[in-house]
Amino acid sequence: MLEERKMKVAVSLSGRSMDGPFDARFGRAAFFGLTDMDTGEQEVLENPAVGASSGAGVQAAQSVVDRGVQVVVSGAFGPKAHAVLASAGVVMYVAPSDRPLTGTEVLKLYREQGLERVTAPTHAGHHDHPARAAERGRR
Amino acid sequence: MRVVVASGKGGTGKTTVATSLVLALSEPTVSFMDCDVEAPNGHIFLDPAFDRRKEVGILIPEVDMSLCTHCGICAEVCQYNAIAVIGTKTLVFPELCHGCGSCTTACPEQAISERLDVMGVLEGGDSRTGVMFSRGLLDVGEPMAVPVIRELKKWPPPRVVVTEVRDAPPGASCPVVESMRGADFVLLVTEPTPFGLHDLKQVAQVVQELGLPAGVVVNRDGIGDDEVDAYCRERGLPILMRIPYDRKIGEGIARGLPLVDIVPAYWRRFRDLSKEIASRVAGGGP
């Protein structure tokens, strides 16, 4: 497929600009800065899940996938966001959250391969009890 | 007549009041419903013999992948983001599902069927004094109490019910709202302390929002301050009963005795309370 060659990277942001602060949360980040790595074209996507009562990770993941994103950089990925992104073949990276970074700085780190790739959820979900999750898995 | 006993603050004496109200009536047409499904304790005072049981929960979607066209409508209609459609995959997150059925109804391919996801159990039987007793019991680790309370309210009783007393959970959130929905009167049990008042205000707002008549029982009367009285006066909330702070009552409750058995004068007082509630319900005004 042609589309797969176009590489689009999403960075979670707390403001409407890539020069504003990077947001280390994925599901509750206010915006995503999208960059087309081939053309350098950028746009900012409002995260529809920022005020969701539940399932913010799922909805945020759905919205970046719908925009054709192949790479997401954030500070953390919960189990449900991870499941949605992984099933779409999206590659996830975490940027350091111990110091303030702008979206542009995070993108630079990604370009220089200075980010850690994530292959499993970085934390437990906010909804499910561990025992309960295991039980649901069995059914 | 359906009476809900609520309080906001936990430990103010909801169950003490609700169980004694039921015991004072003690007729086969009286029903006690323990809606505190996370920690029901009415059975301690009413001693039911359980002979009915039903597993309950919500209906969650199951997608038939051979019919699904991945159109994404189910994910769009879901208010809880419990479904995501990614390319040729439709992912369901049961732990986010509230069982509303929107996805099943909206699916143009009829690819979604529903299955019961068990969250708890209902138990019922007659109490020692012959009133109908039922309760919900939420499974440990289950985050949503409302579906179990809703099913408990819908569970057909074994006999005709003339008076139903619901023991509500503490707090002022969804499980309390669900316990109150469809009731005729709310009895708010509080204690005359800043904590009691703070939570009484919250739960009184819920009652007002639901448009239900209410009255107050002041438990542990004599401790704290006069602020609860002042608030009730200001809001036009009638104080229908005062139970004094009494070590003897506390000790009896700790042994699992109902208030009417600890201080027999309360048999009469609770019967009068029930009549007072009935007249207020019939009168229609708050």
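Coordinate-derived values only; no laboratory data. This is a predicted model, so every value here is computed, not measured. Heads up, the Cβs are rebuilt from the backbone with ideal geometry, glycines too, and the neighbour counts pull from every protein chain shown.
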Reduced to Cα centres, the span from region B:27-72 to region A:57-84 in Å works out to 34 Å
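Expressed as a rounded percentage, what relative contact order does region B:1-129 have, with Cα pairs under 8 Å and six or more residues apart?
Taking the mean separation of contacting Cα pairs over the length of region B:1-129, I get 32 percent.
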Rounded to the nearest 5, what is the percent of antiparallel bridges among the DSSP beta bridges in chain B?
50 percent
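Can you tell me the relative contact order of chain B? Whole percent, Cα pairs under 8 Å, sequence separation 6 or more. Before the final figure, lay out the partial values.
Working: 594 pairs, mean separation 78.0, N = 286.
Computed value for chain B: 27 percent relative contact order.
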For chain A, return all DSSP H helices satisfying: extent of Cα atoms along own axis at least 24 Å; mean Kyte-Doolittle hydropathy at least 0.0.
none
So for the protein assembly as shown: antiparallel DSSP bridges make up what percent, rounded to the nearest 5?
55 percent
Low-density loop trypsin sites (Lys or Arg not before Pro), region B:183-286, at most 10 other Cβ within 10 Å, DSSP non-H/G/I/E/B, are B:ARG255
Taking only Cα atoms and a 10 Å spring cutoff, compute GNM fluctuations for chain B and point out the largest among B:LEU23, B:LEU122, B:LEU210.
B:LEU210
Phi to ³J(HN,Hα) by Karplus 6.51 cos²θ - 1.76 cosθ + 1.60 over region B:3-16, Hz, x for Gly, Pro:
10, 10, 9, 10, 8, x, 4, x, x, 8, x, 4, 5, 4
From the phi angles alone, apply the Karplus equation (6.51, -1.76, 1.60; θ = phi - 60°) to region B:37-50 and give each ³J(HN,Hα) in whole Hz, x where the residue is Gly or Pro.
5, 7, 7, x, 9, x, 4, 4, 9, 10, 6, x, 9, 6
Can you give the average number of partner chain beta-carbon atoms within 10 Å of each beta-carbon in peptide B:86-95, as a whole number?
6
Suppose every Lys and Arg Cβ carries +1 and every Asp and Glu Cβ carries -1, with no other charges. What dipole size does region A:8-138 come out with about its Cα centre, to the nearest 20 debye?
480 debye
Taking every DSSP beta bridge that has both residues in region A:8-138, what percent is antiparallel when rounded to the nearest 5?
70 percent
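As a footprinting exposure proxy, order B:CYS35, B:CYS174 by other Cβ within 10 Å, with the fewest listed first. Spell out each step's value before the answer.
Details: B:CYS35 28, B:CYS174 13.
In increasing order of surrounding Cβ atoms, one gets B:CYS174, B:CYS35.
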As an exercise, identify the trypsin sites (Lys or Arg not before Pro) in region A:62-129 lying in DSSP coil whose Cβ has no more than 16 other Cβ atoms within 10 Å.
A:ARG67
Residues other than A:MET18 with Cβ under 11 Å of its Cβ, Lys/Arg counted +1 and Asp/Glu -1, net out at -1
What's the average, rounded to a whole number, of partner chain beta-carbon atoms within 10 Å of each residue's beta-carbon in B:135-141?
2
Table column - 3J(HN,Hα) (Hz), region B:84-95, Karplus curve with 6.51, -1.76, 1.60, x for Gly and Pro
10, 10, 10, x, 9, 10, 10, 9, 10, 10, x, 5
Per the beta carbon screen (other Cys under 4.7 Å), unpartnered cysteines of chain B come out as B:CYS35, B:CYS68, B:CYS71, B:CYS78, B:CYS97, B:CYS100, B:CYS107, B:CYS174, B:CYS232
Show which lysines lie in cross-link reach of B:LYS201 when reach means a straight Cα distance below 23 angstrom and same-chain residues fewer than eight apart are skipped.
B:LYS9, B:LYS14
Reach of B:LYS89 by Cα under 20 Å, taken over lysines that are not fewer than 8 positions away in the same chain:
A:LYS80
Per-residue [θ]222 nm for chain B (sum of -39500 (n - 2.57) over DSSP H runs n ≥ 4, rounded to 500):
-10000 deg cm²/dmol
In a Gaussian network model of chain B with springs linking alpha carbons closer than 10 Å, the residue among B:LEU237, B:LEU152, B:LEU116 that fluctuates most is B:LEU116
Select from region A:2-108 those GluC sites (Glu not before Pro) which occupy a DSSP coil region and have at most 14 other Cβ atoms within 10 Å, ordered by residue number.
A:GLU41
Could you work out the mean count of beta carbons from other protein chains within 10 Å of each residue's beta carbon in A:57-70?
3
Dipole magnitude of the protein assembly as shown, debye to nearest 20 (Cβ charges: Lys/Arg +1, Asp/Glu -1, about Cα centre):
780 debye
